[in-house]
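Participant: Would you mind keeping the following structure in view while I ask a few things?
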Amino acid sequence: MKHFRHVKILFLLALPVIFYFSSCKQEVTYTNLPLTHAYNAKVYLKWNDKFLELDRYAKGNRPGSGPRVLAYMGLSAYESVVGGMPENNSLAFLFPGLSLPAIENDKEYYWPACINESYAFLMKRFLPQVEDDYPDLFAGIDLLYNQLHQEYAAETTPEILERSEAYGRAVAQAVYEWEKTDLAGHNAYLNIQPTNYQPPVGPGLWQPTWPDYGAAVFPYWGDVRTFALKGDELISRAPLPYSESETSPFFLQAMETYSTVNNINANGAG
């Protein structure tokens, strides 16, 4: 349950970034027919619940690949409906190499169907390990897609539904093709503990620890393509200098963490 909470928090934190960038000046084409905001958020909620259901069984998806998958699926879902949001703009110009299809002018779209198609297309491709290990759970992707498809078929015309689904699928395909060009991130779940990584040795540097002395997880994740920031914009506060002196800030913070965890375990809340 803690993992589910963390993923939900991560998703909610990512939304302001998307809507911040959506205010950047970039011309998009949109229809003057029914707009995206005419519909509720049901399709988003359904698909994010489905992701949480599957992610817990997706081998190798944590801690790196899962949030990355959410980012790409969220980008695709947004781009599949931004054509019906005249107050917003496409984000594609922020990502060199990403080329997205355009909507047809003066044609009506049933926007929830675009989102439904986008999530179904990408979730199957981003979580293939679930299909291998838990085929019954993986089948839930098609079940949800078909359920929503049938609902939308009763609410719009076959022509509009077909156009909408084709567009959502085309956007998802374009995002997925672009995602594959990030070689460090694409299919990273297949090898989360690469044997060719040899951690540096020295005081304060990470080494495999008790009880299993496992290899480093995602040691090359820093090579993955960034989303909100460019590589040269990545800045952070320098870490505290490593020290074994009992009066040093590093030692005191480490001891505070150690003591807090022990107290929690001792009180039976761990």
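Participant: Sort largest first and round to whole Å: the equivalent ellipsoid semi-axes of the range 65-167, each the square root of five times a Cα gyration tensor eigenvalue.
Facilitator: 25, 21, 9
Participant: For Phe251 and Thr181, calculate 0.36 nm times their separation in residues minus their Cα-Cα distance, and state this gained length in nm to one decimal.
Facilitator: 21.0 nm
Participant: For the range 66-116, what are Rg and Dmax over the alpha carbons, in angstrom?
Facilitator: My reading of the Cα-based Rg and Dmax gives 11.7, 38 Å.
Participant: When the Cα centres of the range 44-92 and the range 185-204 are compared, how far apart do they sit, in Å?
Facilitator: Computed from Cα coordinates, the inter-centre distance equals 26 Å.
Participant: Hey, another quick one. Please tell me which of these pairs span more than 20 angstrom C-alpha to C-alpha: Lys124/Lys230; Lys42/Lys180; Lys124/Lys180; Lys59/Lys124?
Facilitator: Lys124/Lys230; Lys42/Lys180
Participant: With every protein chain kept in the model, how would you rank Arg56, Arg237, Arg62 by accessible area, 1.4 Å probe, largest at the top?
Facilitator: If we order Arg56, Arg237, Arg62 from most to least accessible, we get Arg237, Arg56, Arg62.
Participant: Additional query: Got the relative contact order for the range 101-185 handy, in percent, Cα pairs under 8 Å and 6 or more residues apart?
Facilitator: RCO, the range 101-185: 50 percent.
Participant: Expressed in nm to one decimal, what extension gain is obtained for the pair Asn105 and Thr260 from 0.36 nm per residue of sequence separation less their Cα-Cα distance?
Facilitator: Value of the extension gain: 49.8 nm.
Participant: Moving to a separate point now. How much length is gained if the chain between Trp221 and Thr209 is pulled fully straight, taking 0.36 nm per residue apart and subtracting their Cα-Cα distance, in nm to one decimal?
Facilitator: The Trp221-Thr209 span can extend by a further 2.3 nm.
Participant: With a 1.4 Å probe and all protein chains in place, put Ser236, Ser248 in order of accessible area, largest first.
Facilitator: Ser236, Ser248
Participant: Which of rounded, prolate or oblate describes the range 197-252 when judged by the alpha-carbon gyration tensor and an a/c cut-off of 1.5?
Facilitator: It comes out oblate by the Cα gyration axes.
Participant: Let me ask something else about it. Taking the Cα atoms only, what angle lies between the long axis of helix 42-55 and the longest principal axis of the chain, rounded to 10 degrees?
Facilitator: On a 0 to 90 degree scale, this one is about 40.
The values are calculated or read from the model by the stated rules, or taken from the named source; none is laboratory data. What you are looking at is a predicted structure, and each value in this text was computed from that prediction instead of being measured. Surface accessibility is based on the protein's heavy atoms, side chains included, excluding ligands, DNA and RNA. Shrake-Rupley method; radii C 1.70, N 1.55, O 1.52, S 1.80 Å.
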